[in-house]
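Structure first, commentary second.
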Amino acid sequence: MRKIKRVLAGAGVTFMLLTGCSSGGAIDFAQYANKQMEIKSMESQGTTAINLKYDSSKIKDKEELKFLQLFNDVKISAHIISENKDTVSIDGKIILRKGDIPFKLFINQKEMIIQLDNASKPIRLANQDDSSSANQENYLTMMKELTPYIIKNLPNPSRFEITSKQDKVQGENIDGKNVHVQINGDEIPSLILNLMDGISKDKEAIEAIVRTVNNVDATAKMTTETFKNELNTMVRTLKEQVSTIQQDKTLQQVFNKNNYVKADILIDNQLYERKSDVTLHFAFPTSNDSGIQSLHIQSTTEKWNMNQPVKAQPISATHYLDEKQLSDDTTGKLFLETLDKQHSVLYDILVNDMKVYTDKTK
């Protein structure tokens with residue numbers, strides 16, 4: 001029961017960000033959401049930038065300050081090839097002030113291989129989660145059934161706009177719609193409350209949720225009456241929490257209009273998401289003594305070759321480090337030996353800055 005409520009609340013917030021409201025007019029958002037869940041293969045290219053503002057004079061822990069100085073203003077860029085639901089490759093780099101750390105990842109049903117900073121021996125781990133595909137399919141089945149009811153009951157954020165747009169993705173001309181949505185911190189409690197309140201009063205939605213959950217999980221044995229009572233209890237609790245937020249000065253600093261999530265999403269005429277630019281900004285309460293003032297994350301993504309034949313890129317090497325070697329390598333010596341001591345940024349950080357590993361051969 002708790003799981004389905006978390007799914008509803010989490011999906012609601014996600015759909016609010018991605019679709020803005022229940023009736024955009026120009027786009028069928030329920031169909032759009034399901035279209036993304038039907039993607040079996042594709043390629044994407046993205047960059048995420050993370051910035052922390054902090055007052056170094058308030059950070060007393062020298063190791064914590066060193067960590068912030070090393071990893072602040074980090075960017076992560078990656079090219080992802082999803083061959084199918086089980087086979088994926090990633091080729092990217094972590095961009096730090098000190099330099100770049102390239103990385104590669106390959107996953108299939110049998111194994112996961114990771115190569116960090118051009119290591120001569122990639123790390124190879126057995127993929128022992130046989131249930132992941134089945135769990136993913138169950139989740140997608142449930143979300144496809146529930147999406148129309150979640151979209152139907154979504155409240156409107158204050159900033160939402162759909163405009164026609166032409167753009168390019170990997171050289172391809174795209175005619176579509178740009179969805180702009182911004183959700184400010186002071187809107188979040190009431191938006192979630194209104195979503196759950198709307199579902200609790202929607203008989204058709206409750207019946208669909210109960211039916212879907214029981215179909216996906218035969219042991220759930222959920223009834224409409226039990227679920228409705230649970231929803232009503234949740235709504236009452238949310239109302240109390242919203243009232244508390246409105247009266248608590250510290251919480252008001254968290255849920256205020258200066259904290260926000262905003263997104264611009266390009267949707268093509270087939271309802272595939274082709275481009276996105278998502279920004280999250282969070283200012284920490286002034287009463288916190290951590291020294292950290294704000295967190296700013298911006299992520300841009302392009303997607304192409306949806307449901308087209310694409311091939312994930314394996315990572316081939318003569319030798320690998322396996323799980324047993326890594327677990328026995330208490331000093332980190334085996335891993336360090338796979339890195340270029342003269343040119344590896346990762347080696348420099350681990351040995352000289354973080355002192356995580358000790359290279360006794362130096």
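Tabulated data for the structure shown
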quantity: Residue list for the range 38-64, restricted to those being at pLDDT 90 or above and touching a helix residue (DSSP H, G or I) at 6+ places or on another chain (Cβ under 7 Å); calculated: Leu52, Tyr54
quantity: Leading residue by the ranking (modelled with the lowest pLDDT) among those in the range 272-286 that are open to solvent by 50 Å² or more (accessible area, probe 1.4 Å) and over 21 Å from Ser44 (Cα atoms); calculated: Thr286
quantity: In the range 106-121, the residues that are part of a loop (DSSP other than H, G, I, E, B) and under 11 Å from Ala312 (Cα atoms); calculated: Asn108
quantity: Residue match in the range 173-185 (condition: under 23 Å from the mean Cα position of the chain (by Cα), modelled with pLDDT of 90 or more and either farther than 17 Å from Ile265 by Cα or of a type in the set (Ser, Thr, Tyr) (or both)); calculated: yes
quantity: Members of the range 84-105 found to be open to solvent by less than 50 Å² (accessible area, probe 1.4 Å) and not in a strand (DSSP E or B), listed by number; calculated: Asp86, Thr87
quantity: Selected residue [at pLDDT 90 or above, over 22 Å from the mean Cα position of the chain (by Cα), loosely packed, with under 12 Cβ neighbours inside 10 Å and over 19 Å from Pro157 (Cβ atoms)] from Asn269, Asn232; calculated: Asn269
quantity: Neighbours by Cβ (under 7 Å, 6+ apart or cross-chain): first from the range 88-110, over 21 Å from Ile39 (Cα atoms) and modelled with pLDDT under 95; second of a type in the set (D, E, K, R) and assigned to a strand (DSSP E or B); calculated: none
quantity: Ile315, sole failed condition from (1) under 27 Å from Ser41 (Cα atoms); (2) over 23 Å from the mean Cα position of the chain (by Cα); (3) touching a residue at least 12 places away in the same chain (Cβ under 8 Å); (4) open to solvent by 50 Å² or more (accessible area, probe 1.4 Å); calculated: (4)
quantity: Verdict on His296 being surrounded by 14 or more Cβ atoms within 10 Å (Cβ to Cβ) and either in contact (Cβ under 8 Å) with a residue 60 or more places away in the chain or of a type in the set (Gly, Ala, Ser) (or both); calculated: yes
quantity: Qualifying residues in the range 174-208 (those that are part of a helix (DSSP H, G or I) and open to solvent by 30 Å² or more (accessible area, probe 1.4 Å)) - the one nearest to Asn256 (Cα to Cα); calculated: Ile188
quantity: Qualifying residue in the range 209-220 (condition: without any contact (Cβ under 8 Å) to a residue 24 or more places away in the chain, part of a helix (DSSP H, G or I), open to solvent by less than 60 Å² (accessible area, probe 1.4 Å) and touching a helix residue (DSSP H, G or I) at 6+ places or on another chain (Cβ under 6 Å)); calculated: yes
quantity: Failed item in (1) assigned to a strand (DSSP E or B); (2) open to solvent by 70 Å² or more (accessible area, probe 1.4 Å); (3) not hydroxyl-bearing (Ser, Thr, Tyr), with Ile80 passing the rest; calculated: (2)
quantity: In the range 305-334, the residues that are under 18 Å from Ile90 (Cα atoms) and among the basic types (Lys, Arg); calculated: Lys311
quantity: Gln308 vs. criteria open to solvent by 60 Å² or more (accessible area, probe 1.4 Å) and either out of contact with any strand residue (DSSP E or B) (no Cβ under 7 Å at 6 or more places or on another chain) or charged (D, E, K, R) (or both); calculated: yes
quantity: Lone qualifier among Gly24, Gly20 - being open to solvent by less than 30 Å² (accessible area, probe 1.4 Å), at pLDDT below 85 and in contact with a Phe, Trp or Tyr (Cβ under 7 Å, 6 or more places away or on another chain); calculated: Gly20
quantity: Top-ranked residue of the range 318-333 - restricted to ones that are in contact (Cβ under 8 Å) with a residue 24 or more places away in the chain and outside any loop (DSSP other than H, G, I, E, B), ranked as surrounded by the fewest Cβ atoms within 10 Å (Cβ to Cβ); calculated: Glu323
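The values are calculated or read from the model by the stated rules, or taken from the named source; none is laboratory data. Quick caveat, the model's predicted, so the values are computed rather than measured. All Cβ positions, even for glycine, are placed from backbone atoms using ideal geometry, and neighbour counts span all protein chains on display. For the accessible areas, the whole protein counts, side chains as well, though only heavy atoms, and no ligand, DNA or RNA atoms are used. Shrake-Rupley method; radii C 1.70, N 1.55, O 1.52, S 1.80 Å.
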